[in-house]
Amino acid sequence: MGTTSTEDTDDTAAFASYQSTFSEPSGYLNFASFGPPSSRVADRVADLLHTAGHASSDAMAHLQGEELRARSAFSRLTGFPLDRVGLTGSTSLGLFQVAFGLARGTVLVGAGEFPSNHYPWLRTAEAGRARIALIGEPGTQMTPDAVARSLGDDTVAVSVSAVDFRTGYRADLAGIREVIGPDRLLVVDGIQAFGVVDAAWAPADVLISGAQKWVRGAWGVAGIAMSEQALARLEPVLTGWTGVADAYRYDGEEHAPLPGAGRFSISNLSPYATGAFAEALELMESVGVAAIEGLVSTHAQALIKQLDDAGVPVLSPRDRTERAGIVVAGVPGRAEEAHAALAAAGITATRHGDSRIRLSVHATTRSEALGEAAGVLAGFV
């Protein structure tokens, strides 16, 4: 007769503890929009506000220490050394800093990328720096082959989402890295993947991920990790006073940028945001991203089956290696009605245009919500 190992028991207890910290409604299927934070995150922010409110002599040092906590956890989870990990205000801001860091050349970007991965490159082109070249059209998968066909002699970088916000397609980062070669930069927007995809992030020269979606750490901060090549190639054009050496020596002179990813700091971030990020990252570490991904994948597969059984078209990849937590349902011409019906049934999702409903699951998703969502959507196909 088999026995349960101590390790299995510990893992089960750790995951039960993890799940107990979340309290979103059972019909919440909208993690690709934002992830409701845990009670641990809320408690940490409350503690930091309490510290600030009492303003003891060591309050400032205590509050500022949250930045190192967040950077350290992001470093551990991405595999990038701590000196090549920094924080910025959002994924969008991080992409702007990277875009303006490229002085020349062409950057390949998917035409269907979320706008936060378009505007930085459009603006840097308008400023006479790097140019943008769009690949495909909305819905085009950024595969290694698609990237390879678009490469030119003047291509200096490729900017891609690790998981596509529109379809849930999971990019083959290692494959893209291989086709672009070692001398071009691979910039990765990780916000729809980081925290629920147990990925090897090493192919990326730049990885940026905000805290508010799958990490469930709320708004106001993003981690940014860089390769040595990225640090050498990207000019710190959008660097502020906190991104330079001797930042607290107020001598009226321009100081040299910091040697690592800290050079992309513009100003001090909110300690409530960095503290929430740190707490959320450490909570993820307590169970491991692989365990979270396993449950997310199981829930996504179950949702796809429920939609299939209900006769609702599935517009996302079916192969689990090509998707993460996003499942898109097709409701031709009736998305507005379907979205309203889901809301009336207590199910939160995102409407994209006239014909698509984006559903997104997490490790804490309740199984009953999957059938309920499919049942509602069945009335609109």
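A full extension of the chain between LEU68 and TYR119 corresponds to an added length of 15.4 nm, given 0.36 nm per residue minus the alpha carbon distance.
Farthest towards the positive end of the charge dipole of segment 1-158, among the residues SER57, ALA127, PRO81, is the Cα of ALA127, using unit charges on the Cβ of Lys, Arg, Asp and Glu.
Distance between the pseudo-spin-label points of SER20 and ILE266 (7 Å out from Cα toward the beta carbon): 4.1 nm.
Our helix-only sum for the chain, with -39,500 (n - 2.57) per DSSP H run of n ≥ 4 divided by its residues, gives a mean residue ellipticity at 222 nm of -12500 deg cm²/dmol.
Centre-to-centre separation between the Cα atoms of segment 306-381 and those of segment 15-66: 29 Å. Helices of the chain meeting both criteria, an alpha-carbon length of 24 angstrom or more along the long axis and an average Kyte-Doolittle score not below -1.0, with helices taken as full DSSP H segments, are 59-78, 271-287, 289-309. Whenever you get a sec, compute what percent of the accessible area on segment 208-311 sits on carbon and sulfur atoms (1.4 Å probe). Result for segment 208-311: 56 percent of the exposed heavy-atom area is carbon or sulfur. The mean accessible area for residues of the chain, using a 1.4 Å probe and ignoring ligands and nucleic acids, is 42 Å² per residue. Each Lys and Arg adds +1 at its Cβ and each Asp and Glu adds -1 at its Cβ; summed about the Cα centre, segment 113-210 shows a dipole of about 180 debye. Going by the alpha-carbon gyration tensor, a ≥ b ≥ c the square roots of its eigenvalues, is segment 1-93 rounded (a/c under 1.5) or, if a/c is not under 1.5, prolate (a/b greater than b/c) versus oblate? Prolate, since a/c reaches 1.5 and a/b exceeds b/c. How much of the accessible area of segment 42-99, in percent, comes from carbon and sulfur atoms when a 1.4 Å probe is used? Reported share for carbon and sulfur atoms: 58 percent.
What's the longest bit of the chain with no exposed GluC sites (Glu not before Pro), using DSSP loop states and at most 13 other Cβ atoms within 10 Å as the test? Each step should come with its number before you reach the end.
Numbers: sites that count: GLU253, GLU254.
Here the longest segment lacking exposed loop sites spans 1-252.
If R0 is 30 Å, the Cβ-Cβ spacing of GLU285 and ALA232 corresponds to a FRET efficiency of close to 0.50. Of the residues GLY94, ALA335, MET226, the one whose Cα sits farthest towards the positive end of the charge dipole of the chain is ALA335 (charges of +1 on Lys and Arg Cβ, -1 on Asp and Glu Cβ, taken about the Cα centre). With a ≥ b ≥ c the root eigenvalues of the C-alpha gyration tensor of the chain, is it rounded (a/c under 1.5), prolate (a/b larger than b/c) or oblate? Oblate.
About the Cα centre, and with charges only on the beta carbon of Lys, Arg (+1) and Asp, Glu (-1), how big is the dipole of the chain? Nearest 20 debye, please.
Dipole of the chain, to the nearest 20 debye: 660 debye.
Label-to-label distance for GLU253 and ALA174 is 4.9 nm, based on points extended 7 Å past Cα in the beta-carbon direction. For a label point 7 angstrom out from the Cα of ASP153 toward its Cβ, which stretches of segment 104-133 have the backbone nitrogen within less than 20 Å? It comes to 104-108, 130-133, nothing else. With the charge dipole of segment 262-381 set up from +1 on Lys and Arg Cβ and -1 on Asp and Glu Cβ about the Cα centre, the Cα lying farthest toward the positive end among the listed residues ILE357, ALA278, VAL289 is that of ILE357.
The values are calculated or read from the model by the stated rules, or taken from the named source; none is laboratory data. Note that the structure is predicted; figures quoted are calculated from it, not measured. Cβ coordinates were reconstructed from backbone atoms using ideal geometry, including for glycine residues, and neighbour counts include every protein chain displayed. Protein only, heavy atoms only, side chains kept; ligands, DNA and RNA dropped before computing areas. Shrake-Rupley method; radii C 1.70, N 1.55, O 1.52, S 1.80 Å.
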